[in-house]
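**Q** Below: one structure in structure tokens.
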Amino acid sequence: MPEVSATSRLPTGVEGLDALLGGGLPDRRLTLVYGGTGVGKTVLALEILVHNAHAGRPGIVVGFEEGPDELIENHVSFEWGFAEAAADSIHLMSARVEDEFQNAGAFDISGLLASIQAKIQQTGARWVLIDGLDALLGTLGDRVAAMRELFRLKHWLTDCGVAVIMTAKLDEYDSTGTTHFRDMPYVADCVIRLRNIPHKRTFARTLRVVKLRGGESSGAEMPFVIRNSGVLVAERENHPLTAKVFEERIASGIERLDTMLRGGLIRGSSVLVSGPPGAAKTSLAACFARQMAKKGERVLYISFDEAGEQIVEDLKSVSIDLRPYVESGLLQMHGVLAGATSAEAHYIDIHHAIREFAPDHVVIDPISALVKSGGLDMAVDVSDRLLDLAKASGITLYLTALSSKQTFVVDMESHLANIVDVWVGVSYRVDEGERNRALSVIKARGINHSNQMRELTLADDGPELADVYIASGEMLMGSARLRQEQESEAARRQEQQAYERDRQRMYTHIQQTQEQIATLSSQLEQQRSELEQLERQKRDHVQRRADDRGQLLRSRGADANDHRLSDESSR
């Protein structure tokens, strides 16, 4: 029995799709890409052909709905260069079915097949795209005829040794889909279904590998987007199992916040700063971005509902200048309209930006805006995947989130607070006609953080943290804090002045005492000197008397040992 080899795969070059296919589309087999109108069937198929053409595998495009000029014109804006490929390694063939051929059973594909075969032999094509297959099958009179021609087309093309992609309009939600078009997925070796799923005011495109003969593939229905760079398909892996763990500390951009965190944030961790509107969440995130870019590390800043250029300009008012780092290329600002597409599409765009820029840190401001892009459930799911992606890539993820009394916002904040590593809360306190900001570290995994609250101020030289005063059991902020600081400073000055007075008085007393001691010391020294002089005089006098007496005794011939006389002389 001859050895049977597994079907080889040809990579599609489409970001995320090869992962779902387990390596690529099957070579020398038929792949069907189907879906409703405008879901991206032709774009996906053409991008696959262009990527393979760049890899040295030329192709042929047979269009049943669009002619060569229309195909080029409609896809020239994509960055993968369809027009250039069409001029070099992709041959375009027009096979539009005109009205006169639409009598039941009258259309014969023999001539078309002969033309394709000749072009394959001429160009050495490895791929053939049949775009708009349903337009061909619609010319056939019944289901049997359609099935016969479909099988004929499949076997003929695969016998030519090429991989075949066919696109067809087939909407599973269309009540007219009970015709013979339904048989197409059964014929194909690989079936990819594209859908447009409504989410509130937006639609989310999804892709699913429904069928793949001779290989293993993911059955997950994943979102995808169409951008100038092409089709981007979301990927989801079990990131936490491969999470990178760091011990290195990095600065938050606010010195006193680093002190509260006992040395700063941990590289590769996830940080959430939540609070009401205007509580300086963006300023704190910008300080972090500036600090990291200043160290020469790459930062990707995603801002929802505000242009990146506008954020850079606004932050100058609090002395946060990000422009030098934007111009140097270390900081990329991406402004995104949250409600313009689904949260899944935002995830794909962020994932693609991370792949392209390879940042060390990612800031998303505010991530709670994803709730507007398909509801709470989708926003929560996307935020989970972003955290998984960051953990697996060793990226520090800095998030801001809105706090309010609205249920969906509370739920989003609560979910994020549970899964991030560090949660910093900013809030307002209204007192004495003022609204003041406060900051506290609510949670910090692996860090013995401070439980104290700090007042957050936005001074001309940037955000700062000040001590919060407690007086009579009340927390003082703003003017009350300043007044307390002034009173404390006045009391301190009075204490200092009293201290200086007492110190001067004691110094004077010490000087006086030292002078008295010096005088007494001088007197004592003089008295000692006088005493010594007196004693010397006494000794000299005694000695002279003794000498005189001895001389007298010797002159009289007295006994030298006459103690009586000696004693008398000593007196």
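**Q** Just to verify a result, which residue in the range 52-66, among those that are in a loop (DSSP other than H, G, I, E, B) and among the small types (Gly, Ala, Ser), is farthest from the chain's Cα centre (by Cα)?
**A** So in the range 52-66, the residues in a loop (DSSP other than H, G, I, E, B) come out as 55-58, 64-66.
Now drop any that are not among the small types (Gly, Ala, Ser), which leaves 55-56.
Details: Ala55: 34, Gly56: 37 Å.
Going through the qualifying residues, I end up with Gly56.
**Q** Let me ask something else about it. When the range 409-432 is examined, which residues are found to be in contact with a Ser or Thr (Cβ under 7 Å, 6 or more places away or on another chain) and among the charged types (D, E, K, R)?
**A** Scanning the range 409-432 gives Glu413, Asp421, Glu432.
**Q** Can you go through Ala438, Ala401, Ala417 and tell me which one is at pLDDT 85 or above, in a helix (DSSP H, G or I) and within 28 Å of Arg262 (Cα to Cα)?
**A** Numbers: Ala438 fails: in a helix (DSSP H, G or I); Ala401 fails: in a helix (DSSP H, G or I).
Residue meeting the stated conditions: Ala417.
**Q** Now a separate question. Answer with yes or no whether Ala353 is at pLDDT 85 or above, under 17 Å from the mean Cα position of the chain (by Cα) and over 19 Å from Val271 (Cα atoms). If you could, list the steps in order and put the result at the bottom.
**A** Numbers: at pLDDT 85 or above: yes; under 17 Å from the mean Cα position of the chain (by Cα): yes; over 19 Å from Val271 (Cα atoms): yes.
Taking the combined requirement at face value, the residue satisfies it.
**Q** Looking only at residues that are hydrophobic (A, V, I, L, M, F, W, C) and closer than 22 Å to Leu370 by Cβ in the range 317-339, which one is nearest to the chain's Cα centre (by Cα)? If you could, list the steps in order and put the result at the bottom.
**A** Restricting attention to the range 317-339, the residues satisfying the condition of being hydrophobic (A, V, I, L, M, F, W, C) are 318, 320, 322, 326, 330-331, 333, 336-338.
Add one more test, that the residue is closer than 22 Å to Leu370 by Cβ, and what stays is 333, 336-338.
On the way: Met333: 12, Val336: 15, Leu337: 18, Ala338: 18 Å.
The residue in question is Met333.
**Q** Let me ask something additional. Return the residue satisfying two criteria in turn: it lies in the range 67-80 and is surrounded by fewer than 18 Cβ atoms within 10 Å (Cβ to Cβ) and part of a loop (DSSP other than H, G, I, E, B), and of such residues it is nearest to the chain's Cα centre (by Cα).
**A** Glu79
**Q** So, Val33, is that one aliphatic (A, V, I, L, M), surrounded by 15 or more Cβ atoms within 10 Å (Cβ to Cβ), under 23 Å from Arg213 (Cα atoms) and in contact with a Leu (Cβ under 7 Å, 6 or more places away or on another chain) or not?
**A** Taking the combined requirement at face value, the residue satisfies it.
**Q** Name, by its number, the condition in (1) buried (at least 21 other Cβ atoms within 10 Å of the Cβ); (2) assigned to a strand (DSSP E or B) that does not hold for Gln332.
**A** (1)
**Q** Turning to a different aspect of this structure: What are the pairs with Cβ atoms under 6 angstrom where one residue, in the range 537-552, is surrounded by 10 or more Cβ atoms within 10 Å (Cβ to Cβ) and the other, located anywhere, is not hydrophobic (A, V, I, L, M, F, W, C)? Sequence gap at least six, or different chains.
**A** Qualifying pairs under 6 Å: Arg545/Ser569; Ala546/Ser569; Arg549/Ser569.
The values are calculated or read from the model by the stated rules, or taken from the named source; none is laboratory data. Please read these numbers as outputs of a predicted model, since none were measured by experiment. Methodologically, a virtual Cβ is constructed for each residue, glycine included, from the backbone with ideal geometry; neighbour enumeration extends over all protein chains shown.
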